[in-house]
Each structure stands twice: as C-alpha cells, then as structure tokens.
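One structure is given below, encoded as structure tokens.
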Amino acid sequence: MGSSRQCENTEVIGHAGNRRVAAFFRQPSGRKIRRAGVEATPLDRRNHRRSNPFPANLTTATLPLTVNRRRSTTTTRGSCMSIPEILSALTTPFDEDGAIDHESFARRLEDVAATLDGVFVAGTTGEFLALDVTERAALAEQALEVLGPQRVVIHVGSSSTRQSLEITERVAALGAIRFAAITPHYLAASTAGITRHWEAIAKECGGELYGYVFPDVAVTDLAPADLPEVLESGITGLKVSGAASARVEEYLEAAPDGFKLWSGNDADLPATMAAGGTGTVSGVSSAAPTLWQDLSRALATQDAAAIAAAQQRIARLVPLLGPSIANIKHALHRTTGEASTCRMTIDQPDGEQIARIDQALSDLDLLDMVTS
C-alpha cells in the first residue's frame with residue numbers, strides 16, 4: 001500500500017473539495033519557429049537548445065527524457081521510483097484584443113524546452129473552452145515544431161465526443177503521438193459514458209491517450225474504484241486535478257503496473273513520486289519553469305536538502321498563482337512583458353494580490369522585467 005499522505009491541492013485553478021468548486025470560473029486568488037525533427041530524441045533536442053537541467057553525470061542511458069523513465073529507488077508500492085516527468089501546463093497568451101499571441105507562445109515553448117520535460121497544451125490552464133478547433137490545432141502545431149512529439153501532450157477533450165474526435169484528427173495529422181482528454185463536462189457522464197468517450201478518442205488518435213479527471217470544474221468525476229472499468233477504453237494514464245489529485249494513491253492501487261499518473265497539484269511532486277506516480281502537469285511552472293527544474297535536479301540525485309530547498313521556493317509561489325489563471329498570467333506579464341488577457345470570465349488579481357505576487361517574484365529572483 002502507498003503512503004497515506006494527502007495532497008494539499010494548492011494547484012492551478014482550484015483547491016480540493018467543495019470549498020473551492022469551480023474556482024476556475026470565478027476566483028482570482030513574427031518569430032520563426034525551428035522545426036524539431038521527429039527522429040531527434042528529447043534529450044538531443046534539449047542539449048541542442050541550451051543546458052541540460054539534470055546533473056552532468058546522468059547520461060542518456062541512465063536518464064532518457066521519455067515516458068516511463070525508471071530508477072532503482074524503492075517506493076512504497078514496491079516498484080521503482082520514476083525520475084519525474086514535469087509537463088508545464090501552458091497558459092494561452094492573448095493580446096489586448098483577445099487574439100492568440102503566437103509569438104509569445106513560441107517564446108514560452110522555447111523557455112520550457114530548455115528547462116522542463118515537456119508541455120501540456122490547451123488544457124484547463126490554457127483556457128481550452130475559449131478556443132476553437134482551428135486555434136487548438138495551431139497551438140498544437142507550434143508546440144510540436146519546437147519540442148517534437150515525445151515532449152508534447154495535446155489536450156483534445158471537449159464536452160462531446162464528436163468535437164473531441166474533430167480536434168484529435170487535426171492534431172494527429174500534425175504528428176502528435178501523446179493526447180489527453182478531460183472527462184465529458186458540463187452535463188455529468190456515467191462511468192460507462194466516460195469509457196465510451198475515451199475509447200472513441202483512443203481509437204482515433206493512434207497514440208497514447210491519458211484520461212483527465214478534474215471534477216471541481218468538469219462536474220463529471222471518476223472514482224478510483226471505477227478505474228478498472230474505464231481502462232477498457234484504452235487509456236494508458238491519468239492526469240488528476242483538484243479533488244482528484246488527493247486520490248493519487250487510490251488510483252495507482254487500482255491501476256495495473258506501468259500505468260502513468262500525473263498530478264495537477266503543483267506543490268506536491270515528491271509525494272506523487274513516492275506513491276509511484278509519473279510526475280506533474282504544472283500550471284504555475286508556466287510562469288516559473290526554473291523552480292521545477294531545480295526540483296527535478298534534486299529528485300534525480302535524491303539530495304534531501306536540495307529537494308527541501310526547491311520545495312520551499314515552490315511553496316512560496318504556488319498559493320499565490322495556483323488558484324487562478326489570471327494570477328499566472330499576471331506573473332507572466334511581470335516576467336516576460338506579455339499581456340495578461342484572459343478570454344474566459346476570470347477576475348483579474350486585485351491590488352493586494354498583485355503586490356504579494358510581485359513581492360514573491362522578486363524574492364525568488366524571477367522578476368527579470370517589470371512592466372506597468
């Protein structure tokens with residue numbers, strides 16, 4: 001059995017449980033892109049761009065930056081502890097008129113390519129509900145060009161299977177091989193409905209499909225006890241957020257060996273890994289990728305002091321940014337100069353929140369540029 005430790009759920013968009021249901025909806029708390037060849041490995045691509053974020057003594061043989069990287073560290077599940085896969089759940093940058101700012105998105109992709117394992121495109125943090133199919137495909141194409149298919153997970157979920165299949169077909173044709181789909185949302189779906197939905201997408205995508213469970217905003221939930229039934233759909237992993245991220249151990253206990261699980265809880269990666277998880281899909285890392293880069297290095301070497309120090313820095317920022325896309329976008333505005341525009345009806349941070357965010361960015365040496 002795994003550890004009984006529960007996640008704190010100070011993650012992007014909402015906290016666990018009914019206290020912060022649907023916080024996502026209401027509460028703030030011309031550059032050329034290089035095309036990455038499909039044949040290049042993620043590690044080759046990362047080293048070509050800038051520095052390898054992992055220690056120099058870790059080679060491609062010991063740490064290939066692909067899915068299912070394993071080390072010989074025993075976990076509470078009796079298996080091997082993974083080197084974490086940290087995927088940055090990118091916001092979608094919009095200009096002041098609400099159009100997608102593709103140049104800012106390209107710069108963000110380059111930053112993540114140099115620091116983290118990959119990206120999660122057009123998810124909740126990316127305001128997928130406010131994007132049309134063409135826009136989602138365009139973002140996917142940019143990500144695939146910069147990072148290559150192994151390092152990009154494309155979210156193809158929608159409220160209907162028909163819409164999900166349309167976007168899946170589009171991005172699969174672009175070369176995507178890793179996909180995620182949130183449970184059907186707005187109208188709650190049964191376990192059988194979730195299974196049918198994911199099965200149709202899995203057949204269409206031709207690659208790996210990861211289910212995405214975020215009951216706080218999707219309405220539809222998937223209990224760990226129902227996971228074995230849903231596995232008939234063909235999913236090979238889960239991304240769990242909000243209340244579902246407090247059930248990491250339960251999902252893994254119900255899953256077969258080799259099943260992948262990413263928590264959306266930005267602040268609790270070590271606990272996810274100790275339970276046998278794969279890593280995290282972190283929205284806050286979109287604004288501060290180097291913090292998670294430092295944590296990944298520390299976990300790779302099992303340096304307890306470095307892990308604690310990295311966690312302390314992350315814990316300084318996550319409670320300020322995690323509950324709101326608008327807060328993350330404000331941080332990005334401060335550190336990159338890109339506009340903080342949201343398409344969805346999300347309140348912007350007030351003066352007190354702005355002051356606290358700016359102070360944290362300054363304290364963490366992340367405030368490279370300040371814009372008015």
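Please treat every number below as a calculation from the coordinates, not as lab data. Everything quoted here is computed from the prediction, not taken from an experiment. When we count neighbours, we look across all protein chains shown, and the Cβ atoms used for this are built from the backbone with ideal geometry, even at glycine.
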Give me the Debye-computed log₁₀ of I(q)/I(0) at q = 0.21 Å⁻¹ for the range 272-324, equal point scatterers on Cα only, no solvent, two decimals. -0.80
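Evaluate the range 79-228: find the radius of gyration of its Cα atoms, find its Kirkwood radius, and give the ratio Rg to Rh.
Details: Rg = 15.3 Å, Rh = 15.8 Å.
We get a ratio of 0.97 for the range 79-228.
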Using amide H atoms built 1.01 Å from N in the peptide plane, name the residues 5+ places from Leu261, or on other chains, whose amide H lies under 5 Å from its own. Leu238, Thr278, Gly279
Kindly provide the Kirkwood hydrodynamic radius of the range 301-345 in Å, to one decimal, from all pairs of distinct alpha carbon atoms. 12.2 Å
Peptides ranked, highest mean first, by Cβ atoms within 10 Å: ranges 274-285, 344-355, 157-168: 274-285, 157-168, 344-355
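Taking each pair of distinct Cα atoms in the range 147-255 once, what is the resulting Kirkwood hydrodynamic radius in Å? Mind showing how you got there, number by number?
On the way: mean 1/r = 0.0730 Å⁻¹.
Result for the range 147-255 stands at 13.7 Å.
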Here the net charge surrounding Ala309, from other residues whose Cβ is less than 13 Å away from its Cβ (Lys, Arg +1; Asp, Glu -1), is +1
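If each residue's Cβ is checked for other Cβ atoms within 10 Å, how do Lys239, Lys260 rank with the fewest at the top? List each step's numbers first, then the result.
Values: Lys239 30, Lys260 20.
Lowest to highest Cβ neighbour count: Lys260, Lys239.
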Tell me, what does the Kirkwood hydrodynamic radius of the range 236-281 come to in angstroms if you use every pair of distinct C-alpha atoms? 10.1 Å
P(r) of the range 236-364 over all Cα-Cα pairs, binned every 5 Å from zero, in whole percent: 2, 11, 19, 19, 18, 15, 10, 5, 2, 0
How do 326-339, 114-127, 190-203 rank on mean C-beta neighbours within 10 Å, highest first? 114-127, 326-339, 190-203
